[in-house]
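Everything below concerns the one structure shown next.
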Amino acid sequence: MKIKAKLAAMFVTAGMVFFLSLPAFARPANSPQDQGTAETQSVKKDKKQKAERSAGKEVGKGGEDIGKGAGKGAESLGKGAGGAAGNLATLHPGAAATDLGKGAAGAGKDVGVGTGKGASKIGKGTGKGIGKLGKKIFGRGGKDKKGSGVE
């Protein structure tokens, strides 16, 4: 029964990773039609504006942060468990319990921080993507229609 639960958890995790990575493979936000003239582009470079990440890249960075947090948490837990095993082997049960507790606490902290940062970036990227979709559907924020001559 435990094997089925682990297998189900692996499939759920793989599915989440797959669906969260889909926006990273979407077409680029800067299509050739959206690029302005050379004059407007040089103005942007002169102001030294920080380039904002696209929605897909933001979601991807969120997944990366979650992975980093999980990796650091596993490392911390491994160090604590290793230290505890060494202390148990040398007949120091108090120090073993301390090492194990520190490892578990460090793992919880690292996983929590990574998950928090990652979820924040995923939420930000998802919001950007939904905003772009809304603009495309409802036609808001597009080109100025005053100069078209149609009133």
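What follows draws every value from the coordinates through simple rules; no lab data is involved. No experiment lies behind these values; they were computed from the predicted model shown. Here the Cβ positions follow ideal geometry from the backbone for every residue, glycine too, while neighbour counts run over all protein chains shown.
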Self-check item: Neighbour net charge for I66 - beta-carbon separation under 12 angstrom, K R +1, D E -1
Solution: +2
Quiz prompt | Nearest-0.05 FRET efficiency for I3 and A105, computed from C-beta distance (R0 22 Å) | solution = 0.15
Quiz item: To the nearest 0.05, what FRET efficiency results for A95 and A70 with a Förster distance of 35 Å applied to their C-beta separation?
Solution: 0.80
Quiz item: Over all Cα pairs of the range 46-120, how is the pair count split among 10 Å bins, expressed in % and running from 0 up to the last occupied bin?
Solution: 22, 29, 21, 15, 8, 4, 1
